[in-house]
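Visitor: Pasting in a structure now, in structure tokens, and then I'll have a few things to ask.
The values are calculated or read from the model by the stated rules, or taken from the named source; none is laboratory data. All values reported here derive from a predicted model rather than from experimental measurement. Cβ placement follows ideal geometry from the backbone for every residue including glycine, while neighbour counts extend to all protein chains displayed.
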Amino acid sequence: EIEPWVAPDPEMIGESRRAFLNRATGTLLSASLGGFAAALIAFLWKSADGGFGSKINAGKLEDVIGQIRANKGFLYLPEARSWVTEYPKEAISKADAIYRGQGPVFAGMSEGIVALYQKCPHLGCRVPECKTSQWFECPCHGSQYNRVGEKKGGPAPRGMDRFGVSVNNGMVVIDTGTVFGGPPIGVNTTGQEAEGPHCVGGTGGH
């Protein structure tokens with residue numbers, strides 16, 4: 001026997017709709033929190049495992065400097081997402097006035113090296129070296145930096161950002177957990193000008 005159709009109670013419909021919306025909201029919130037937690041765990045796991053965001057062992061200081069010179073002034077370390085170059089000891093007194101407030105950065109300079117973040121501070125493109133000019137020259141918008149990451153030309157708002165460097169028992173450690181902002185426009189502690197043709201259009205200048 002077919003039961004006759006009975007119109008549902010309007011209050012029950014409202015209650016069911018509210019229950020559905022509450023369940024849907026709870027599900028979406030749980031999914032969002034779950035995704036955030038997974039991303040956070042992945043980041044922390046990567047840092048603890050020695051990836052970018054942690055302290056990177058770059059090797060012996062003498063070997064690092066040897067590799068810089070063998071690569072004509074530039075050493076790229078992908079695990080640290082950074083360029084490592086020599087900082088001239090004769091310029092350390094000028095660096096003192098600019099970088100002393102960034103203790104870990106200045107410590108690396110005092111040891112003769114600087115670790116520069118690969119990202120251009122303009123819009124985040126990866127900045128390559130230019131072997132002919134001996135500068136860093138961004139192919140995206142033409143920003144230029146000397147060999148220690150001080151701005152020489154283009155639209156970037158400052159010099160290249162950098163990481164702290166420590167040398168313990170002759171071993172170089174780059175701390176990629178903290179990014180130090182690059183120096184202001186106009187800073188040129190080494191006095192280095194372009195040493196040959198540019199790889200990116202322009203002739204430098206602020």
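Visitor: Wholly within the range 106-206, which strands (runs of 3 or more DSSP E) include no fewer than the required count, namely at least 1 residues that are of a type in the set (Ser, Thr, Tyr) and under 16 Å from the mean Cα position of the chain (by Cα)?
Guide: On the way: elements: 113-117, 135-137, 151-153, 162-168, 171-180.
In the range 106-206, the matching strands (runs of 3 or more DSSP E) lie at 113-117, 171-180.
Visitor: Kindly establish whether ASN71 is surrounded by fewer than 22 Cβ atoms within 10 Å (Cβ to Cβ) and more than 24 Å from GLY191 (Cβ to Cβ). Quick ask: steps written out before the conclusion?
Guide: Numbers: surrounded by fewer than 22 Cβ atoms within 10 Å (Cβ to Cβ): yes; more than 24 Å from GLY191 (Cβ to Cβ): no.
No.
Yes/no per residue for (1) assigned by TED's automatic domain parsing to the domain that holds THR85; (2) surrounded by fewer than 22 Cβ atoms within 10 Å (Cβ to Cβ):
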{"position": "GLY112", "(1), (2)": "yes, yes"}
{"position": "LYS119", "(1), (2)": "yes, yes"}
{"position": "HIS122", "(1), (2)": "yes, yes"}
{"position": "GLU137", "(1), (2)": "yes, no"}
{"position": "LYS152", "(1), (2)": "yes, no"}
{"position": "PRO155", "(1), (2)": "yes, yes"}
{"position": "ILE174", "(1), (2)": "yes, no"}
{"position": "GLY186", "(1), (2)": "no, yes"}
{"position": "GLU195", "(1), (2)": "no, yes"}
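Visitor: Let me ask you something else. Considering only residues that are within 20 Å of ILE185 (Cα to Cα) and either under 18 Å from the mean Cα position of the chain (by Cα) or not in a loop (DSSP other than H, G, I, E, B) (or both), which ones fall in the range 86-102?
Guide: Of everything in the range 86-102, those that are within 20 Å of ILE185 (Cα to Cα) and either under 18 Å from the mean Cα position of the chain (by Cα) or not in a loop (DSSP other than H, G, I, E, B) (or both) turn out to be ALA91, ILE92, SER93, LYS94, ALA95, ASP96, ALA97, ILE98, TYR99, GLN102.
Visitor: Now for a different question. (1) in contact (Cβ under 8 Å) with a residue 40 or more places away in the chain; (2) under 21 Å from TYR76 (Cβ atoms): which one isn't true of CYS125, the others all being true?
Guide: (1)
Visitor: Return yes when GLU137 is modelled with pLDDT of 95 or more, over 16 Å from VAL179 (Cα atoms) and charged (D, E, K, R) and no when it is not.
Guide: Numbers: modelled with pLDDT of 95 or more: yes; over 16 Å from VAL179 (Cα atoms): yes; charged (D, E, K, R): yes.
Here the answer is yes, as GLU137 does meet what is asked.
Visitor: Output yes when any residue across the range 53-62 is at pLDDT below 95, surrounded by 14 or more Cβ atoms within 10 Å (Cβ to Cβ) and part of a loop (DSSP other than H, G, I, E, B), and no when none is.
Guide: Yes; the residues of the range 53-62 include at least one that is at pLDDT below 95, surrounded by 14 or more Cβ atoms within 10 Å (Cβ to Cβ) and part of a loop (DSSP other than H, G, I, E, B).
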